[in-house]
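S.K.: The structure is given below, and queries will be raised subsequently.
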Amino acid sequence: MLRRALCVAALVAAFGVPFAYAQESTTTDAGRATDAPPPPPVPIADGVTIGGVSVGGLTTAEAAPLVRTWFAQPFTFTLRGHTKTATPWWVGGTPSVAAALASAQTALPGEAVPLHVRADRTRLRAFVARLARSWHTPAVNSVARLRDLRPFITRPKPGYSVLKLETRMLIRQALAAHQRGPLSVPYRVLRPRITRSNFGPAIVIRRGSHRLYLYRGSHYRRTFGVAVGMPQYPTPLGSFSIANKQRHPWWYPPDADWAAGASPIPPGPGNPLGTRWMGLSRGGVGIHGTPDSASIGYSASHGCIRMRIPEAEWLFERVRVGTPVFIVSA
């Protein structure tokens, strides 16, 4: 302590001020400067907007949530009376809010600051793919139904398919322009392949009357006498279609008691199927020619529909795989 006092006295004699005390006072003053409160944030100039949102007079901290909330408004998409909504994030939109706020701080009063948006390609593609799947409507072809013992051809219906590339472009433009719709999604019409005007042949077999009726769509063409199944082997009733066609078919014995021990018969004059076979979607049953023309008009077969050989050949050329066949009890 004595030595320190002597040092201080020497310094006072040399400089006229207590050096150590002056240094301590400077540190204290510096400490007070450090503890001073920061200046208040400068508000954005009056009348400034970001992407159309008024942020004038607000600080950037106050303006940020307003801009983000405004941007998050959902899109509305429409297609032929259907509606879907999605937030900008789901369609791939990410706004550059920080950059817009920085520009707003230096903007002049009344200036419109743009809010730039980046479209994420992956999210945008995924959203449009989901939209396309959910709104895809396949075309519906005309089909034949039986009404009053005649074929009735149903009305076809068009389908719709979302145009993905055009939809992505539409969303990109809407993001950039800050539009939320309703946005009409572009699509193409899917035309039915089979209509009333181009519907092919249809067959109605009246089992009880031993008659086969050929139609072109719902328009009558021709009637044939046929033989159908015996009472113990009845021709099945219902809606079927021609599943296969064969010229000069082989006859193979079915797995039935009445055919036990029989051998296959090759094409030729003695073949029980004649020269043409039109197999139905009901296994083992078909329309075919017969060398036994005397059976026509009777219930004489083991379930198949027999025709005279020339008539079976004529019919064979005018029907196709898929032709509807209705067998009724009338």
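The values are calculated or read from the model by the stated rules, or taken from the named source; none is laboratory data. Owing to the predicted nature of the structure, the values given are computational and were not obtained by experimental measurement. Backbone-built Cβ (ideal geometry, glycine too); neighbour counts: all protein chains shown. Only protein heavy atoms, including side chains, enter the accessible area calculation; ligands, DNA and RNA are left aside. Shrake-Rupley method; radii C 1.70, N 1.55, O 1.52, S 1.80 Å.
S.K.: Run the numbers on the chain and let me know its relative contact order in percent, using alpha-carbon pairs under 8 Å that are six or more apart.
M.R.: 13 percent
S.K.: Once you list every other residue whose beta carbon is under 11 Å from the beta carbon of S299, what net charge do they have if Lys and Arg are +1 and Asp and Glu are -1?
M.R.: It works out to a net charge of +2.
S.K.: Say each of W90 and S54 gets a label point 7 Å from the Cα, pointing the same way as Cα to Cβ; how far apart are those two points in nm?
M.R.: Distance between label points: 3.2 nm.
S.K.: Please compute the net charge surrounding V328, taking Lys and Arg as +1 and Asp and Glu as -1 over other residues with Cβ under 9 Å from its Cβ.
M.R.: Here the charged neighbours net out to +2.
S.K.: 7 Å from Cα along Cα→Cβ at both T195 and S218: what's the point-to-point distance in nm?
M.R.: According to this spin-label approximation, the distance is 1.6 nm.
S.K.: If r is the Cβ-Cβ distance from H82 to L237 and R0 is 56 Å, what FRET efficiency results, to the nearest 0.05?
M.R.: Plugging the Cβ-Cβ distance into 1/(1 + (r/R0)^6) gives 0.85.
S.K.: Separate question: So for H82, H210, what's the accessible-area order with a 1.4 Å probe, most first?
M.R.: Order by accessible area, largest first: H82, H210.
S.K.: Still on this structure, please answer the following. Compute the long axis of helix 121-135 from its Cα atoms, compare it with the longest principal axis of the Cα atoms of the chain, and write down the angle in degrees, 0 to 90, nearest 10.
M.R.: 40 degrees
S.K.: Q246 to A132: FRET efficiency via 1/(1 + (r/R0)^6), r the Cβ-Cβ distance, R0 45 Å, to the nearest 0.05?
M.R.: According to the calculation, E is roughly 0.55.
S.K.: Just to verify a number: FRET efficiency for N141 and A72, C-beta to C-beta distance, R0 = 56 Å, to 0.05?
M.R.: 0.80
S.K.: With all protein chains present and a 1.4 Å probe, how do I194, I287 order by accessible area, largest first?
M.R.: Sorted descending by solvent-accessible area, the residues read I194, I287.
S.K.: Still on this structure, please answer the following. Amide H neighbours of T323 under 5 Å, counting only residues 5+ apart in sequence or on other chains, H built in-plane at 1.01 Å?
M.R.: HN-HN under 5 Å from T323: I242.
S.K.: Next question, about the same structure. Roughly how tilted is helix 164-177, in degrees to the nearest 10 and between 0 and 90, from the longest Cα axis of the chain?
M.R.: The two axes meet at around 20 degrees.
S.K.: Take every Cα pair under 8 Å in region 61-137 that's 6+ residues apart, average their separations, divide by the length, and report that relative contact order as a whole percent.
M.R.: 27 percent
S.K.: Taking amide hydrogens as modeled 1.01 Å from N in the peptide plane, which residues meet the under 5 Å criterion relative to T195, leaving out close sequence neighbours?
M.R.: So T195 has HN proximity to S142.
S.K.: Just to compare against my own numbers: the Cα pair-distance distribution for the chain, 10 Å bins, whole % per bin, please.
M.R.: That works out to 5, 16, 13, 9, 8, 9, 9, 8, 6, 5, 2, 2, 3, 3, 1, 0, in percent per bin.
S.K.: Measure of size requested: the Rg and Dmax of region 187-330, with Cα atoms as the atom set and Å as the unit; please supply both.
M.R.: Here Rg and the maximum Cα pair distance are 16.0, 63 Å.
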